[in-house]
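> Just passing along the structure, written as structure tokens.
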Amino acid sequence: MPELGEIIDGRYKILQELGSGGFSKTYLAKDTELPNQPLCVVKQLQLRFNSASLWQNAKERFSLEAQVLQRLGNHDRIPQVLAYLEEDGEFYLIQEYIDGEEFRIEVGRQTLEELQVIYFLKEVLEILAFVHQQGVIHRDIKPSNLIRRRRDNKIVLIDFGAVKEIGTLSFDAHKQSMITKVIGTPGYMPPEQQNGKPVYSSDIYALGKTAIYALTARSPLELEDVQSGALKDWERLTRVSPHLAAILNKMIRPNLKERYHSVAEVLQDLQPLLKIGQTVGGRYKISRYLGGEIGSHTYLAENLVRHYQSPCILKQLQSQTSDPSPLKDVERLFGDDLAVLEELGNHPQIPHLWDRFEEGQDYYIVREFIDGEALSQEIQRNQHLSEETVVDLLYQVLEILAFVRQQGIVHRNIKPSNLIRRRQDNKIVLTDFGLIKEIAKLLSDRSSSDSSDRIVGTKGYMPPEQMAGRPTYSSDIYALGMTAIQSLTGTSPEQLQTDPKTGEAIWHENVQISQKLAKIIDKMVKLDVNKRYSSASKVLNALGESSRFFTTAERTSLPTSTSRSRRGTAADLATRFDRGRRRFLNLWYILVIVAGMGFLLGVIEIVRPTVRPMLIAHQGDRLVQQEKPEAALPIFQQVLDISPNNLQGWEGRGDALFALERYQEALAAYDKAIELQPRDARAWKGRGDVLYRLERYEAALSAYNKSLSLKPRDPEALNRKGRALYKLERPQEALAIQEEALRIRPNYAEALSDKGIALIGLRRYEEALGVLNKAQEIKPLDPKFWQNKALALQYLGRRKEALDVYKEALAAYDKDLERKPNNVTVWVDRGNVLIKLQRPEDALASYEKALKIKPDSYLAWLSKGNALFPLGRYDEALTAFDKALEIRPESYLTWHNRGSLLRDGKRDFAGAIASYDRAIAIAPNFYHAWRDRGLALSQANRHKDAIASFDRALQIEPSDHQSWSGRGIALSSLNRRAEALASFNKAVGLQPSDPFVWMNRGLALEQWGRFQEARDSYMKARDLDPRFQPAINALERLQ
């Protein structure tokens, strides 16, 4: 046994013992022959035999296993074998030292959350995939044999069992052969390994147990059932999703046949869970996996842009084929046919299809989330449903199918799990149309010759014609009939017995329902399509004719040709009748009542249209949400043509015009909405948004205040109010408002970002950076958030990091433009980032692109002028500013920037002062204009007027160091030295890292003959910026 300080093989100096087991001891050592003497691990085998033959056998095995470990060490997360040797009859293995923490200790400190465990499993499985490919079984996976490497936070797998096994060698005299003891750790070893027959799956078992330990911090031995070996009730000790629990339970099955057989199988099931926490499409943050199959997965997600569409259902369709031939069909289905599904969302019992997009090779579909319970769960909970409930189910779904048929669609996938009982109103909602499954099938690997692989539907719910690839409207009737049978019996279609002669389901036994209903359902599930109901309306008619035989208390059959809104309204009115009396009414009376109501609604619709405009306006709203305002505008005009005083039409028109940057027209639309309904919070908020864009921040603030007085807890209105306050140079109030918005919606990324900007305005840069980082975590692909983060880094003096972040912002804008190539605002914002990256020519190209798309874009002309100015292209810059003012003459920002161009570029001080005066007339509290006006007055030798202008700027913003510096220059020119020096000192105190402030202070001191103090100021400026030439020249002058 080596002593501390002992040197092995003439180079490995033992520093300390790390641990010992039954078969080996491990030491920390350093390699004295290499530069810097790196640390390494020395493992000494504990050999307990005297037999020469045993020793020789052990030596051969050791050499063989060490070579295998050397091969495994090629993997980045398995320690490298640096050497293996025999010295003084002892075997030593020298391995790379991993600086990190045992997984056991990490879990002991804090159990892992589900998402952490998912990624932990992925990491270890990737290592095991490599290990198993080399023909090696680890045999001792457990928390203490996994190390979290410090330098990159990766998991490293150590301590393979094969080497330890050598120490257990013995000779079986009876069998005349070498034998070894079982290697592994109780609790982590599956039965086959305990019997001395480990397989690859044994490592999967041990990893599953390790993952459960990570979630619970409980040893498997504490949870294990003594007789079966299974873990008992471990899910109760932690919060874990059913999907991860199912994976872990399959990993730890004691029965080898029931367990995963390969790492690839586990990774395949784990793959969809790895999406949790990711953001796709630039806006959808995945929060939960809901289920799926290979190539098609469904998630719950948050819409980070349109929060009112949260949560939503996100369906991922993965492309798994290298064959380009099906992609044309996919593009057709994903484009034209899905557009039909979007129209289906107009039915109140079909979810809205909100978005569809491609990312990488995958396709994504986003639909409305329905808060409710699947019919499959309802059946499971109740074992079976009553006749009354099933009749109501049939009425609701048949009415939906009648509407679906009018759109020319066959659902193809009706089954209990695709029918959701909405919690809000107890209505059945029909989800997951077969078209989506068809796209998934096309994207899958088509190498299979089995055409059934491409049939859309679910076995047991598909009639023969659908299984043959020829679905009809009647196919949906069959599926609904089988769903009704499952609801009544609690038995799934595949478990039902069939008539040997007809092949049809036998289901009447032990079900007590009326003969009429049984007869209708039997006809719905006829295998012969010619004997089955051909349409939903025919089943509805049959149900209506037979309704007096049913036990349901509420039943109204409505003509399928009636519009959705009228149907819904008539049904709502009908429910107002006394239920007890309606039970005894003849169906014909009900039909007469319904028809009368339909007629009455029709008359009302003609005299005073309300329903149709509402539906049309809803279509327009959806187009605006889909960022298609140009298509939405004529839709809203259609609403207003039908009903000129339609509030929703005017609101929608305002939204569309705002998105098109037609701000004056948008303002007029919102004002009309407010005239119609003065208490309309949405219109007041929209008015505020327009005024904000027009730089009329005081008026915008008033509009937001009015909106909030009507709807006080609206986080979006609060956020926008905060932005207006910031523009009005009121950062402290802006901060308070953003914090109020965040109390209502804690993960509101826009409010977090604007809170960060407010903190920058308050010079709390570190806090700002922390808040902006949090906003970016929520919306990692939003380029504005990258831009704001870079700004915070700039103020912190972390210039290189800021430039890197601006590059990320540029990449994000470029990605945005791939999806929205004609978005003017994105082109302008992209140009602004290029300015920050000191690429003015590229920025100009970006602004030109914006102007090509929209020649009257005020923002593009303003930004173009700002870019031309520092390039010395003053005449072109002036033209650009004048063009911006032509479009928006009340833009105080443009008047201000025009003034700075005339002052610093063209040296036209009178013209500059006139421009600043225009800016101040529009925005009297814009202190920048007062300050820069003071500089122009000072340069025009109007120093007293300049001081008055600086004083006005400081009255508005006392902490503006540039105003104090400018004031000092003007006072110095009037030889008011004490006041001037006090002003410079105030500026230095406010912003000690600005070399210009120190430079101006030095110039004044030099002028007054105070050379040493002047030299000190110049040196401070040079220290802040070693390349600051004015300071360098001044120091040379004073030498």
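The values are calculated or read from the model by the stated rules, or taken from the named source; none is laboratory data. None of the values given here were measured: they were computed from a predicted structure. Cβ coordinates were reconstructed from backbone atoms using ideal geometry, including for glycine residues, and neighbour counts include every protein chain displayed.
> Consider the stretch 797-821. How many of its residues are out of contact with any Phe, Trp or Tyr (no Cβ under 8 Å at 6 or more places or on another chain), assigned to a helix (DSSP H, G or I) and not aliphatic (A, V, I, L, M)? Steps first, answer last, please.
So the first thing to find is which residues in the stretch 797-821 are out of contact with any Phe, Trp or Tyr (no Cβ under 8 Å at 6 or more places or on another chain), and the list is 797-804, 807, 810-811, 813-816, 818, 820-821.
Now restrict to residues that are assigned to a helix (DSSP H, G or I): 799-804, 807, 810-811, 813-816, 818.
So of that shortlist, the ones also not aliphatic (A, V, I, L, M) come out as 799-801, 804, 807, 813-816, 818.
Looking only at that region, the number is 10.
> Among the residues of the stretch 257-277, are any in contact with a Pro (Cβ under 9 Å, 6 or more places away or on another chain) and surrounded by fewer than 20 Cβ atoms within 10 Å (Cβ to Cβ)?
no
> Now for a separate question. Looking at the stretch 105-139, which of its residues are in a helix (DSSP H, G or I) and of a type in the set (A, V, I, L, M)?
ILE105, VAL107, LEU115, VAL117, ILE118, LEU121, VAL124, LEU125, ILE127, LEU128, ALA129, VAL131, listed by residue number.
> Which of the residues spanning the stretch 980-1039 are outside any helix (DSSP H, G or I), of a type outside the set (D, E, K, R), under 25 Å from HIS943 (Cβ atoms) and in contact with a helix residue (DSSP H, G or I) (Cβ under 8 Å, 6 or more places away or on another chain)? If you could, list the steps in order and put the result at the bottom.
Let us first name the residues in the stretch 980-1039 that are outside any helix (DSSP H, G or I), namely 991-994, 1008-1010, 1025-1028, 1038-1039.
Of the ones still in play, those that are also of a type outside the set (D, E, K, R) are 991-993, 1008-1009, 1026, 1028, 1038-1039.
From what is left, the residues that are under 25 Å from HIS943 (Cβ atoms) are 991, 1008-1009.
Hits for the stretch 980-1039 are GLN991, TRP1008.
> Still on this structure, please answer the following. Please verify whether the stretch 673-689 includes one or more residues that are at pLDDT 90 or above, closer than 19 Å to ILE922 by Cβ, buried (at least 17 other Cβ atoms within 10 Å of the Cβ) and out of contact with any Leu (no Cβ under 9 Å at 6 or more places or on another chain).
No, the stretch 673-689 has no match at all.
> For a quick check of your reading of the model, give me the residue pairs whose first member lies in the stretch 482-501 and is small (Gly, Ala, Ser), whose second is outside any helix (DSSP H, G or I), with beta-carbon atoms closer than 7 Å and at least 6 apart or on different chains.
SER487/HIS384; SER487/LEU385; GLY490/GLN383; GLY490/HIS384; SER492/GLY460
> Which residue out of ALA923, ALA953 is buried (at least 22 other Cβ atoms within 10 Å of the Cβ), touching a residue at least 24 places away in the same chain (Cβ under 8 Å), out of contact with any Lys or Arg (no Cβ under 8 Å at 6 or more places or on another chain) and closer than 30 Å to ALA699 by Cα?
Values: ALA953 fails: out of contact with any Lys or Arg (no Cβ under 8 Å at 6 or more places or on another chain).
Of ALA923, ALA953, the one residue that is buried (at least 22 other Cβ atoms within 10 Å of the Cβ), touching a residue at least 24 places away in the same chain (Cβ under 8 Å), out of contact with any Lys or Arg (no Cβ under 8 Å at 6 or more places or on another chain) and closer than 30 Å to ALA699 by Cα is ALA923.
> Let me ask something else. Out of (1) surrounded by 19 or more Cβ atoms within 10 Å (Cβ to Cβ); (2) touching a Leu at 6+ places or on another chain (Cβ under 6 Å), what's the single condition that is false for ASP932?
Of the numbered conditions (1) surrounded by 19 or more Cβ atoms within 10 Å (Cβ to Cβ); (2) touching a Leu at 6+ places or on another chain (Cβ under 6 Å), the odd one out for ASP932 is (2).
> Which helices (runs of 4 or more DSSP H) sit wholly inside the stretch 676-766 and have at least 2 residues that are more than 25 Å from GLN648 (Cα to Cα) and not assigned by TED's automatic domain parsing to the domain that holds TRP895?
Helices (runs of 4 or more DSSP H) meeting the threshold: 697-710, 715-727, 731-744, 749-761.
> For the stretch 88-105, state whether one or more residues are of a type in the set (D, E, K, R), assigned by TED's automatic domain parsing to the domain that holds LYS43 and at positive phi.
Yes, the stretch 88-105 contains a residue that is of a type in the set (D, E, K, R), assigned by TED's automatic domain parsing to the domain that holds LYS43 and at positive phi.
> Can I ask one more? Let me confirm something: among ARG259, ARG239, which residue is farther than 22 Å from ARG104 by Cβ, in contact with a helix residue (DSSP H, G or I) (Cβ under 8 Å, 6 or more places away or on another chain) and among the basic types (Lys, Arg)?
None of the others qualify; the one that does is ARG259.
> For residues that are out of contact with any Ser or Thr (no Cβ under 7 Å at 6 or more places or on another chain) and either surrounded by fewer than 16 Cβ atoms within 10 Å (Cβ to Cβ) or of a type in the set (D, E, K, R) (or both), tally how many sit in the stretch 491-517.
Result for the stretch 491-517: 15.
> Let me ask another. Pick from the stretch 468-525 the residues that are in a helix (DSSP H, G or I) and of a type in the set (Lys, Arg): which of them is modelled with the lowest pLDDT?
Looking at the filtered set, the residue picked out is LYS516.
> Among the residues of the stretch 935-958, is any under 20 Å from GLU729 (Cα atoms), not in a helix (DSSP H, G or I) and not aromatic (Phe, Trp, Tyr)?
Yes, the stretch 935-958 contains a residue that is under 20 Å from GLU729 (Cα atoms), not in a helix (DSSP H, G or I) and not aromatic (Phe, Trp, Tyr).
> Return the residues of the stretch 205-216 that are β-branched (Val, Ile, Thr) and either assigned to a loop (DSSP other than H, G, I, E, B) or touching a Pro at 6+ places or on another chain (Cβ under 9 Å) (or both); say none if nothing qualifies.
THR210, ILE212
> Continuing with this model, one more query. Report whether or not LEU694 is out of contact with any Cys (no Cβ under 8 Å at 6 or more places or on another chain) and farther than 23 Å from GLU661 by Cβ.
Against the criterion (out of contact with any Cys (no Cβ under 8 Å at 6 or more places or on another chain) and farther than 23 Å from GLU661 by Cβ), LEU694 does not qualify.
> Something else about it: Here is a check on your reading of the model: is LEU146 crowded, with 21+ Cβ neighbours inside 10 Å and closer than 19 Å to ARG71 by Cβ?
When the stated conditions are applied, LEU146 does not pass them.
> Shifting gears a bit: Within the stretch 989-1017, take every residue that is over 20 Å from SER963 (Cα atoms) and among the aromatic types (Phe, Trp, Tyr) and give me the one that is surrounded by the most Cβ atoms within 10 Å (Cβ to Cβ).
TRP1008
> So for the stretch 654-666 (the condition being at pLDDT below 95, in contact with a Lys or Arg (Cβ under 9 Å, 6 or more places away or on another chain) and closer than 29 Å to ILE956 by Cβ), does at least one residue qualify?
Scanning the stretch 654-666 turns up at least one residue that is at pLDDT below 95, in contact with a Lys or Arg (Cβ under 9 Å, 6 or more places away or on another chain) and closer than 29 Å to ILE956 by Cβ.
> Give GLY187, GLY229, GLY196, GLY208 a once-over and let me know the one that is modelled with pLDDT of 90 or more and at positive phi. Steps first, please.
Values: GLY229 fails: modelled with pLDDT of 90 or more; GLY196 fails: modelled with pLDDT of 90 or more; GLY208 fails: at positive phi.
Unique residue meeting the criteria: GLY187.
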